[in-house]
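Where a number appears in this text, it was derived from the coordinates with a stated rule and is not lab data. Fair warning: this is a prediction, and the values are worked out from it, not measured in the lab. Positions of Cβ are backbone-derived with ideal geometry, glycine not excepted, and every protein chain shown enters the neighbour counts.
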Amino acid sequence: MPGPLSNLKVLDFSTLLPGPYATMLLADMGADVLRVEAPGRLDLTRVMPPLEDGVSTSHTFLNRGKRSLGLDLKKEGSADQVKQLVAEYDVV
């Protein structure tokens with residue numbers, strides 16, 4: 001059964017804890033969440049203990065139910081990709 005937010009598309013640029021936690025809750029309620037990460041910038045939750053097989057359980061927990069995209073916003077063409085995504089999504 002689809003969740004109450006199954007028609008909502010969320011584009012997530014957040015890091016650390018509050019933003020990823022909020023979008024985790026939206027994903028739990030059925031929203032389509034796309035997390036955009038900068039490939040060269042470490043998300044601190046990736047190294048936050050406890051680790052299981054070298055993977056942070058916090059990072060796994062906070063990003064469950066989300067899709068992700070690595071995008072270097074400083075590279076040419078990235079701004080155009082972001083503009084296209086923003087046009088397709090309901091919430092940024």
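Values as computed for the structure displayed
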quantity	calculated
Å³ per residue enclosed by the Cα convex hull of the chain	97
Percent RCO, i.e. relative contact order, over the chain, from Cα pairs under 8 Å lying at least 6 residues apart	34
Fewest-first ranking of 44, 5, using other Cβ atoms within 10 Å as the exposure measure	44, 5
Within the chain, percent of DSSP bridges classed antiparallel, to nearest 5	15
Exposure proxy ranking, count of Cβ atoms within 10 Å, fewest first, for 75, 66	75, 66
Computed helical MRE - 222 nm, the chain, DSSP H runs ≥ 4 contributing -39500 (n - 2.57), nearest 500	-8500 deg cm²/dmol
Cα-centre dipole for the chain with unit charges at Cβ (Lys and Arg positive, Asp and Glu negative), debye to 20	80
GNM top mover of 72, 32, 80 - the chain, alpha-carbon springs below 10 Å	80
